[in-house]
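K.L.:
Following this message is one structure expressed as structure tokens.
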Amino acid sequence: MEKTQTTLESTLESVDKAETLVVKEADKAGFDEDEQQQIGMAIRECMVNAVVHGNRYSKNKQVHLEIDRSKETLSIVIGDEGAGFDINSLPDPLAPENLLRQSGRGILLIKAFMDEFDLHPRPGGGTEVRLVKNIPKS
Amino acid sequence: MSVKLASRQVGDVTVIDAAGRITLGEGASAFRDMIRDLASKGNKKLLLNLGEVSYIDSSGIGEMVSGFTTVTNNGGQLKLVGLSKRVKDLLQITKLYTVFEVYDDEAEAVRSFH
């Protein structure tokens with residue numbers, strides 16, 4: 001098991017940084033280019049949620065990123081220090097009346113690209129998401 | 001690389017050539033500004049060429065939808081051409097294939113406005 005842990009500032013640069021870090025691990029895990037981009041996009045969407053909606057770009061709040069790579073899975077945990085978030089409050093982005101909404105598609109994309117997605121309160125405050133992608137058997 | 005945008009006329013159709021990444025921040029903002037600017041100048045036939053776009057996130061998708069609404073509310077049309085498989089997949093996942101008219105070929109897309 002390879003583990004990487006880092007703490008990031010609440011900026012859009014951190015979104016790019018997290019995406020790059022995870023895509024590098026996805027490459028090492030043996031995912032192909034399309035899968036790497038999908039994983040990267042899922043990370044980007046989670047990071048944007050953490051930086052923009054969770055921490056609201058606060059200089060006093062951090063985003064916590066943990067990447068675990070085993071033989072079977074690539075697992076990523078992203079935590080923010082925001083006010084918390086109720087996933088059930090999100091309108092269904094696929095409902096006909098919501099198709100023309102500008103936002104609200106991030107979690108749909110995350111679920112489409114990852115094998116597991118779990119969102120829960122972070123111990124100590126904020127929100128934590130856990131993403132898992134199963135590594136293809138070679 | 002962030003997004004690069006340029007517009008050109010093909011008859012009365014305004015083609016917007018986009019290249020690079022359309023993501024939250026500079027890329028999505030530039031994209032939004034260009035569509036709004038063209039729409040406000042009275043351009044009613046807009047064709048968005050995504051042939052060189054390597055990556056769009058949900059913010060970029062949101063700006064495409066917003067642009068579609070802006071142009072449609074002005075009495076115009078916004079159509080798409082040159083989508084990579086990855087962008088097509090995103091439109092499938094988000095069901096936006098049911099919203100946008102999508103073409104593979106630019107000449108065919110231009111003809112569809114007439």
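K.L.:
Under a straight-distance cross-link criterion of Cα-Cα below 18 Å, which aspartates and glutamates are reachable from B:K44, leaving out those fewer than 8 residues away in the same chain?
P.N.:
Output for B:K44: B:D12, B:D17, B:D33, B:E63, B:E101, B:E106, B:E108.
K.L.:
How would A:H120, A:H64 line up from fewest to most surrounding beta-carbon atoms within 10 angstrom?
P.N.:
A:H120, A:H64
K.L.:
Can you give the Kirkwood hydrodynamic radius for chain A, in Å, rounded to one decimal and based on Cα pairs?
P.N.:
Working: mean 1/r = 0.0657 Å⁻¹.
About 15.2 Å for chain A.
K.L.:
Now a separate question. Report D for the protein assembly as shown in µm² per second (integer): Stokes-Einstein, Kirkwood Rh on Cα pairs, 4 °C, 1.567 mPa s.
P.N.:
Roughly 68 µm²/s, to the nearest whole number.
K.L.:
Sort A:125-137, A:89-101 by packing, meaning the average of other beta carbons within 10 Å per residue, with the highest value first.
P.N.:
Packing order, densest peptide first, comes out as A:125-137, A:89-101.
K.L.:
Next question, about the same structure. Counting alpha carbon pairs within less than 8 Å and at least 6 residues apart, what relative contact order, in whole percent, applies to chain B?
P.N.:
25 percent.
K.L.:
In Å, what Rg and Dmax follow from the Cα atoms of segment B:4-111?
P.N.:
When restricted to Cα atoms, segment B:4-111 yields Rg and Dmax of 12.4, 34 Å.
K.L.:
What number, rounded to the nearest 500 deg cm²/dmol, is the helix-based mean residue ellipticity at 222 nm of chain B, given -39500 (n - 2.57) per DSSP H run of at least four residues and division by all its residues?
P.N.:
It comes out at -12500 deg cm²/dmol, rounded to the nearest 500.
K.L.:
Expressed as a whole number of Å, what is the distance separating the alpha-carbon centroids of segment B:52-68 and segment A:18-71?
P.N.:
Measuring centre to centre over Cα atoms gives 20 Å.
K.L.:
Cross-link list A:K137/B:K88; A:K137/B:K85; A:K59/B:K4; A:K28/A:K137; A:K3/A:K133; A:K71/A:K133: which exceed 22 angstrom alpha carbon to alpha carbon? Mind showing how you got there, number by number?
P.N.:
Details: A:K137/B:K88 27 Å; A:K137/B:K85 24 Å; A:K59/B:K4 30 Å; A:K28/A:K137 14 Å; A:K3/A:K133 15 Å; A:K71/A:K133 11 Å.
Table pairs above 22 Å Cα-Cα are A:K137/B:K88; A:K137/B:K85; A:K59/B:K4.
K.L.:
To continue, here is another question. With Rg and the Kirkwood Rh both taken from Cα atoms, where does Rg over Rh land for segment A:1-81?
P.N.:
Over the Cα atoms of segment A:1-81, Rg/Rh equals 0.98.
K.L.:
A further question follows. So, in Å, what gap is there between the alpha-carbon centers of segment A:74-138 and segment B:6-46?
P.N.:
Cα centres, segment A:74-138 to segment B:6-46: 30 Å.
No value in this document is a laboratory result; all are computed from the given coordinates. No experiment lies behind these values; they were computed from the predicted model shown. With ideal geometry, Cβ positions are generated from the backbone for all residues, glycine too; neighbour counts draw on all protein chains shown.
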